[in-house]
1. Once you sort the root eigenvalues of the Cα gyration tensor of the range 72-173 as a ≥ b ≥ c, which label holds: rounded (a/c under 1.5), prolate (a/b larger than b/c) or oblate (the other case)?
2. Rg and Dmax of the range 197-276, Cα atoms, in Å?
3. For a quick check: with amide H placed at 1.01 Å from N, whose amide H comes under 5 Å from Asn75's, ignoring anything fewer than 5 positions away on the same chain?
4. Between Glu103 and Gln55, what is the label-to-label distance in nm when each label sits 7 Å out along the Cα-to-Cβ direction?
5. How would the range 152-231 be classified by its alpha-carbon gyration tensor: rounded, prolate or oblate, with rounded meaning a/c under 1.5 and the a/b versus b/c comparison settling the rest?
6. Which length gain, in nm to one decimal place, applies between Glu62 and Cys191 when the Cα-Cα distance is subtracted from 0.36 nm times their residue separation?
7. Let me know the charge dipole size of the chain about its Cα centre in debye, to the nearest 20, where only the beta-carbon of Lys, Arg (+1) and Asp, Glu (-1) is charged.
8. For a quick check: with amide H placed at 1.01 Å from N, whose amide H comes under 5 Å from Val210's, ignoring anything fewer than 5 positions away on the same chain?
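Coordinate-derived values only; no laboratory data. The model shown is predicted, which means the values in this text are computed figures rather than measured ones. All Cβ positions, glycine included, derive from the backbone under ideal geometry; neighbour counts span all protein chains shown.
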Amino acid sequence: MCSVTGMKLTLSTLACPNWTLEQIVNAVSDAKIGGIDFRGLGAEIDITKLPEFNQRLPATLELLARHGIQMPCLNTSITLLTPATERWQMMLEEAQRTARLAEKTRTRFMRVFGGSVPRDMSRQQALMLARRHLRQLVKIAATFGCMPILETHDDWSGSADMLELVREFDPAEVGVLWDIEHPFRRGEEPCDTFQALKRFLRHVHVKDSVRVNNKNSPRLLGEGDLPVRQCVSELIAGGYDGWYCLETEKRWHAEAPEPEQSVPQFARYMRSIRADKQVAS
């Protein structure tokens with residue numbers, strides 16, 4: 001497996017929405033990044049609908065294996081706070097497709113969102129709905145040998161809110177994905193987020209950004225105002241041994257760095273943090 005100084009690095013395809021599968025694989029391999037977290041490919045956001053992950057899946061897996069690349073996490077659009085029955089049924093179908101693909105690709109995690117609390121719903125009602133829907137996802141995922149992981153996002157960005165949602169579950173059946181941007185924007189310090197979530201922590205989204213017109217605008221790592229280096233240092237010091245995923249959201253933000261820059265820079269930046277920690281120890 002490709003790696004950078006022992007760190008397990010993976011790339012979200014949000015960073016390179018216009019690249020072909022072959023371009024992504026070659027760039028990841030050249031940068032010595034060991035994984036790809038698929039969140040869309042080309043115009044399609046749901047890769048379970050693409051030929052590359054259906055009838056052409058054997059060729060895709062052969063390509064990845066030839067370069068020593070894994071698929072650590074499949075990133076879905078599934079949102080727990082979906083009150084409409086028909087809409088939730090569509091998400092359960094996406095969960096079924098994703099979990100089946102996870103089994104075939106030996107992908108451990110299926111990323112899902114908690115979502116935003118509807119205006120006509122109390123926080124307690126939302127919590128009950130989210131837990132009920134999460135239990136359904138746990139059953140689906142377990143059938144195919146994977147695990148749903150909830151991202152720190154939307155109304156579950158803060159660690160206290162996230163823990164309120166997952167505390168009734170066993171860490172062996174539900175995990176948390178720490179997207180370093182969202183808790184920090186809510187005012188949390190990285191050390192507090194890590195300490196609160198570490199029992200459930202399974203995956204990490206690494207990114208940098210600045211606020212422009214009250215929105216997050218992606219930047220290269222170290223060129224925004226997120227405490228990227230502090231977050232990664234907390235994880236290393238705390239014994240985290242999972243994957244670090246670059247999630248520079250070029251798909252959603254035209255001003256984001258081009259992947260020709262962001263992908264190799266990610267590997268260099270993470271290498272520098274690891275080297276600093278090794279010198280300090």
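1. Prolate is the answer for the range 72-173, as a/c is 1.5 or above and a/b outweighs b/c.
2. Here Rg and the maximum Cα pair distance are 13.0, 37 Å.
3. Result for Asn75 returns Phe38, Arg111.
4. Roughly 2.3 nm, to one decimal.
5. In terms of gyration-tensor shape, prolate.
6. 42.4 nm
7. Values: 36 positive and 36 negative charges, 101 e Å.
Result for the chain is approximately 480 debye, rounded to the nearest 20.
8. Correct list: Ser217, Arg219, Asp225.
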